[in-house]
There are 4 protein chains.
Amino acid sequence: MSADMTEAQGGWLATDQFQQARDQVPLVYLDAIPARVDPNGSVTHLGLLLQATSSGILNRTFVSGRVHRGELIRDALVRHLEKDLGPMALPRIPLAPQPFTVVEYFPDAEKTGFHDPRQHAVSLAYVVAVDGDCEPSQQTLELAWLTPVEAQNPDVLQEMTGGRDRLLQMALGYLGIMP
Amino acid sequence: MSADMTEAQGGWLATDQFQQARDQVPLVYLDAIPARVDPNGSVTHLGLLLQATSSGILNRTFVSGRVHRGELIRDALVRHLEKDLGPMALPRIPLAPQPFTVVEYFPDAEKTGFHDPRQHAVSLAYVVAVDGDCEPSQQTLELAWLTPVEAQNPDVLQEMTGGRDRLLQMALGYLGIMP
Amino acid sequence: MSADMTEAQGGWLATDQFQQARDQVPLVYLDAIPARVDPNGSVTHLGLLLQATSSGILNRTFVSGRVHRGELIRDALVRHLEKDLGPMALPRIPLAPQPFTVVEYFPDAEKTGFHDPRQHAVSLAYVVAVDGDCEPSQQTLELAWLTPVEAQNPDVLQEMTGGRDRLLQMALGYLGIMP
Amino acid sequence: MSADMTEAQGGWLATDQFQQARDQVPLVYLDAIPARVDPNGSVTHLGLLLQATSSGILNRTFVSGRVHRGELIRDALVRHLEKDLGPMALPRIPLAPQPFTVVEYFPDAEKTGFHDPRQHAVSLAYVVAVDGDCEPSQQTLELAWLTPVEAQNPDVLQEMTGGRDRLLQMALGYLGIMP
């Protein structure tokens, strides 16, 4: 939520109007799973962000955020990847708009198993190869590059909230690299 | 826009709030292209709705509409297909959430070539097999089942506005049946 | 292999030539995962075939088989689904050729984790809704309809060989229904 | 066919066996459409190879070829892209095995509209971003980078045989950039 306040151009009023929109309609979101890849396209590592929630709990997540009004999906992908990974990350934005899945986050944690207490969000999910140097933002404590095997360690999956542990496994299945 | 007024539960106020949301964020939309199919899955006909716009112009379109807050994508697909094709249409909702493409409609007709003067909409596009009897709603003047060849007739494509002629061709490409 | 002998039109010679082809090039295969679905497209059950291998071991598998020379993929899907599920199964063949994944089976079990001791096969994988009554063939001992939760029971996954336990999980991820 | 002779390790005998395989089963093929992309993933140009057929006719085509027995799809993609574009092309192999479409080429030109007089081939089609310098091989007369608009020029489409003009349009639809 703090991100939306930061982004709002008109300050308090804009954020208030955004809150009203959030109560009226589902939001368009993106989930981008950063990946290190071999020359033949094999994914060797996935990038997980270690973030502190507003209540101080640590959790691992992907690059994620909403699409602004008037913004292209591919520009929103660039914006969120740069915000979270820094300006030298050199993400390879997917060429086609078809996502590998669409995730439906609801305030009701039971509805789909994908949970966002703030809002109903419909998120287009992509795996994004990242070639450059990543400098996680201040909000992010750490960016960890984990092998597919490491990423599926129960300890890691447990640190992913809101269903992101399932999204990770869906991404691995899409990539053809399940355990 | 009339559809949103009809759907709004709180009348004038609700519609006003929806208008505010529409000015703040992109809306989550669906495009569903009805199809008649052979037993081996070959698409023989596509369903095009002939509708009159508020300014009295006729145009051909697909089943289309927004996802409500709190609503699953697959339930929104059922709702829109039943609204436009009647309760006996027996649509076969896709098993997986992955759309064949994502269409970005903007009030600025030049931005992507997909145009919606009312709003920025991000639309998940699906082809939906329809087995049953279709009774188009009053708002729809006619439902025409066209063969892929007929659907690509320049006269037909010309009656599709907002970029839907291109979406039709993208759907045919996805189905493997380009001219 | 017995299936190929049965199918071969020229008897011994044809099978011998097929064996030579198998030693020269990868074969085009299909994996079709049968599914029971709700009216809104939600998958409620997956169909697993219980088969006995030539060495007498029981294992669970999907509908699977090769594409013949001169045969359309969608016709091969119909043929294999009818062969394994009977003529009244009424499978809903996917409208588009895009598979949810491509599985690479190798005689070397380590290469991809997908293993076929007989051949290198490149298999297009689809989930196929099945509406009708299924009568498994003689070669199949049983067709079990399992819920997604039941299908992911470790005891069930253990009965799936050649990597099909992973393909099952990839299919569930594609369908948006991971545990 | 000359390519297969060149590649065959056992000379005449191997090629003869390959010819027998080709008469028995469909071959696993790849179509890779090279693309130049902007930092936000927008495709700016498509790469078309100008080749002379054995009968001396010029035609435009994509990078294309078969998957060898024992070879991973992603390694075959690298091999064919390097062979046709040179060792400095730096192709970005897709991360996931899901192709954007599957093309069925038949000796019978009427069957699907995709035609290969030599064989039945089932081809997985991908768009592949190419970052580096391309040096087309001797067999290729020219590599032309065309904008999507230029690539859809009727004169260009006419120079593409075997249905590749349609595959080009299917690729553009998948990329979201139809005319």
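Observations on the model:
- Residue A:81 under 23 Å from residue A:173 (Cβ atoms) and part of a loop (DSSP other than H, G, I, E, B): no
- Any chance residue A:99 is out of contact with any Asp or Glu (no Cβ under 6 Å at 6 or more places or on another chain), over 18 Å from residue B:25 (Cα atoms) and open to solvent by 10 Å² or more (accessible area, probe 1.4 Å): no
- Boolean, residue A:146 is surrounded by 21 or more Cβ atoms within 10 Å (Cβ to Cβ) and either modelled with pLDDT of 95 or more or closer than 20 Å to residue A:99 by Cβ (or both): no
- When residues of region D:20-32 are limited to those that are hydrophobic (A, V, I, L, M, F, W, C) and more than 9 Å from chain C (Cβ to nearest Cβ), the one surrounded by the fewest Cβ atoms within 10 Å (Cβ to Cβ): D:30
- One residue stands out in region D:77-88 among those that are surrounded by fewer than 22 Cβ atoms within 10 Å (Cβ to Cβ) and among the hydrophobic types (A, V, I, L, M, F, W, C): the one that is farthest from the other protein chains (Cβ to nearest Cβ), namely D:88.
- Region D:150-179 - residue that is over 29 Å from residue A:100 (Cβ atoms) and within 13 Å of chain B (Cβ to nearest Cβ) and, of those, surrounded by the fewest Cβ atoms within 10 Å (Cβ to Cβ): D:154
- The listed residues are B:156, B:149, B:102, and the only one of them that is under 30 Å from residue C:43 (Cβ atoms) and in contact (Cβ under 8 Å) with a residue 12 or more places away in the chain turns out to be B:102.
- Selection over region B:104-115 of residues that are surrounded by 20 or more Cβ atoms within 10 Å (Cβ to Cβ) and more than 8 Å from chain A (Cβ to nearest Cβ) gives a count of 1.
Here's the yes/no breakdown for (1) buried (at least 20 other Cβ atoms within 10 Å of the Cβ); (2) in contact with a strand residue (DSSP E or B) (Cβ under 8 Å, 6 or more places away or on another chain); (3) modelled with pLDDT of 95 or more:
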residue: B:2; (1), (2), (3): no, no, no
residue: B:7; (1), (2), (3): no, no, no
residue: B:13; (1), (2), (3): no, no, no
residue: B:17; (1), (2), (3): no, no, no
residue: B:35; (1), (2), (3): yes, yes, yes
residue: B:38; (1), (2), (3): no, yes, yes
residue: B:43; (1), (2), (3): yes, yes, yes
residue: B:59; (1), (2), (3): no, yes, no
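- Single unsatisfied condition, residue B:72 versus (1) more than 21 Å from residue A:30 (Cβ to Cβ); (2) open to solvent by 30 Å² or more (accessible area, probe 1.4 Å): (1)
The values are calculated or read from the model by the stated rules, or taken from the named source; none is laboratory data. Just so it is clear, the model here is predicted, and its values are computed rather than measured. With ideal geometry, Cβ positions are generated from the backbone for all residues, glycine too; neighbour counts draw on all protein chains shown. Each accessible area value is taken on the protein alone, full model and side chains, heavy atoms only, with ligands, DNA and RNA left out. Shrake-Rupley method; radii C 1.70, N 1.55, O 1.52, S 1.80 Å.
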